[in-house]
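For reference, the structure discussed in these notes is given below.
The values are calculated or read from the model by the stated rules, or taken from the named source; none is laboratory data. Please read all numbers here as calculations on a predicted model, not as lab measurements. Positions of Cβ are generated from backbone atoms using ideal geometry, with glycine treated the same way; all protein chains shown enter the neighbour counts. These accessible areas exclude ligands, DNA and RNA; they are computed on the full protein's heavy atoms, side chains included. Shrake-Rupley method; radii C 1.70, N 1.55, O 1.52, S 1.80 Å.
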Amino acid sequence: MVAILGTALNLTVAFLEAATPVEIDVTASGVLVVKQPLEFASAPLLMDAAWEASGDGGSSRYLFACLVSGDGLAALISGNPEVVVTAQIEWTPTGEDAPRRSHPFSLTIINSYFQPGDTPPLVPNPARTVPYYADVIGLTGGGATKLDGIPTVSLSVRTQVEVIVNNGEYDQRRRFLLYADPGDADVENEPAGIIIPDDRSAENLKTWKEIA
């Protein structure tokens, strides 16, 4: 069984008697748990505590559904193309006190090139002396369409950019220069023409300043 990181896992289960699918009578919904192999007491990587039953008789099926995501799974698969984890199902037939459990089975999780926070790269127009970011239509607010959302970690100090933003009445062409700052900038009360990058940190002290 294979699932891709960040997508929905849909596992449909049938119960067999003498190799024939049957409907089962249970006191509560079945449970699916997924953990690292041999890590029996660890926190689940994935879990669905309520299957969805459909059909009746020999056509009865039981669907588990969950998102293949979470901090534990992300840490486990980080830097790897895939990981193999172990899953198990539990259910309690009506009239029985103890639950029944399936044999553990393997589940391969494939890493994904789609990751949370992915945004299109901001590519300047090479035909201009000063890079022009056509996608940037505002100065603050973060994200790919705002100047403060442009990643600056890889940009050198004195980098210039040109953007066109609307002042409420008409479009304005504005040019900014990336300065090194001493780390004491008040990000809550910056004067006009000063833009604090979202990725500014103690290791990346840079500030956009508007220039003529």
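For the chain, the mean residue ellipticity at 222 nm estimated from helices alone is -1000 deg cm²/dmol, where every DSSP H run of n ≥ 4 contributes -39500 (n - 2.57) and the total is divided by all residues, rounded to the nearest 500. Net charge dipole, the stretch 5-144: roughly 580 debye, given to the nearest 20, about the Cα centre with Cβ charges of +1 for Lys and Arg and -1 for Asp and Glu. Considering only protein heavy atoms and a probe of 1.4 Å, how much of the accessible area of the chain is carbon and sulfur, as a whole percent? It is 53 percent, rounded to a whole number.
Computed over the Cα atoms of the chain, the ratio of the radius of gyration to the Kirkwood radius (Rg/Rh) comes to 1.23. Summed over the residues of the stretch 66-106 and divided among them, the accessible surface reaches 61 Å² per residue at a probe radius of 1.4 Å.
Each Cα pair under 8 Å and six or more residues apart adds its separation to the average, and for the chain the resulting relative contact order is 15 percent. With Cα atoms defining each centre, the stretch 132-185 and the stretch 1-59 are spaced 50 Å apart in the structure. Near LEU139, the amide H atoms lying under 5 Å from its own belong to LEU147; only residues 5 or more places off or on other chains count, and H is placed 1.01 Å from N.
In summary, the stretch 1-126 shows an alpha-carbon radius of gyration equal to 1.32 times the 2.2 N^0.38 Å reference for compact globular proteins. Think of the stretch 31-184 as a dipole: +1 on every Lys or Arg Cβ, -1 on every Asp or Glu Cβ, centred on the Cα centre; then among ASN166, GLY72, GLN115, ASN166 lies furthest on the positive end.
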